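The values are calculated or read from the model by the stated rules, or taken from the named source; none is laboratory data. Given the structure is predicted, the values throughout are model-derived calculations rather than measurements. Cβ atoms come from the backbone with ideal geometry, glycine included; neighbour counts cover every protein chain shown. Only protein heavy atoms, including side chains, enter the accessible area calculation; ligands, DNA and RNA are left aside. Shrake-Rupley method; radii C 1.70, N 1.55, O 1.52, S 1.80 Å.
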Amino acid sequence: MTTRAEWEQLKAGAATPPTHMQLNHLQTDVGGGAPGANTSADLKSAKRAWVQAGDGTKGLAVPIGSALTKLEDGQAGLGDAAGCLSAAAQRELYTSWHKYVASVRKRCTSLGELLASSGRDLAKTDESLKTELDALKSTYTDTPAVGGQPKEK
């Protein structure tokens, strides 16, 4: 059972604001010299690693483009879908998947460019990088699920 004194201690501790870590600010109370003197000594970021990650992500666009070409080639013989429900359904499915895969390809290119530029842009504030990532996220929102859903008549 908690005593009244322990309870008061717990309440006092909860009223004290917690200490938060911020990576974009130097510590001001580092011992042994000027404020923040030793804070960035261990923090390292290699531009090359960011560029490689970006290139790898952008490189995904090539095989995705190949898959799109195969998808288009496979759809080429369908012809006119009028009057054939299965052909119309196939065309609708093809159109939906083509749009989605093309969007994934574009997303890989955009994200790859953002990753590659991050190596140069590490001096930017967290807020500006977050704004760029959020813009990318809103541009490439996932499409709603298709197929197996009844159509309005």
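Confirm whether Gln75 is touching a helix residue (DSSP H, G or I) at 6+ places or on another chain (Cβ under 7 Å), open to solvent by 70 Å² or more (accessible area, probe 1.4 Å) and either touching a residue at least 12 places away in the same chain (Cβ under 8 Å) or part of a helix (DSSP H, G or I) (or both). When the stated conditions are applied, Gln75 does not pass them. Somewhere in the stretch 108-118, is a residue free of Cβ contacts under 8 Å to residues at least 24 places away in the same chain, open to solvent by less than 80 Å² (accessible area, probe 1.4 Å) and in contact with a Phe, Trp or Tyr (Cβ under 9 Å, 6 or more places away or on another chain)? No, there is no match, as no residue in the stretch 108-118 is free of Cβ contacts under 8 Å to residues at least 24 places away in the same chain, open to solvent by less than 80 Å² (accessible area, probe 1.4 Å) and in contact with a Phe, Trp or Tyr (Cβ under 9 Å, 6 or more places away or on another chain). Anything in the stretch 41-64 that is at pLDDT below 90 and hydroxyl-bearing (Ser, Thr, Tyr)? List them, or say none. Answer for the stretch 41-64, where residues must be at pLDDT below 90 and hydroxyl-bearing (Ser, Thr, Tyr): just Ser45. Among the residues of the stretch 78-89, the ones that are surrounded by 12 or more Cβ atoms within 10 Å (Cβ to Cβ) and either under 31 Å from the mean Cα position of the chain (by Cα) or aliphatic (A, V, I, L, M) (or both) come to 5 in all. Of note, Ser66 does not satisfy the criterion of being in contact (Cβ under 8 Å) with a residue 40 or more places away in the chain and either assigned to a helix (DSSP H, G or I) or loosely packed, with under 13 Cβ neighbours inside 10 Å (or both).
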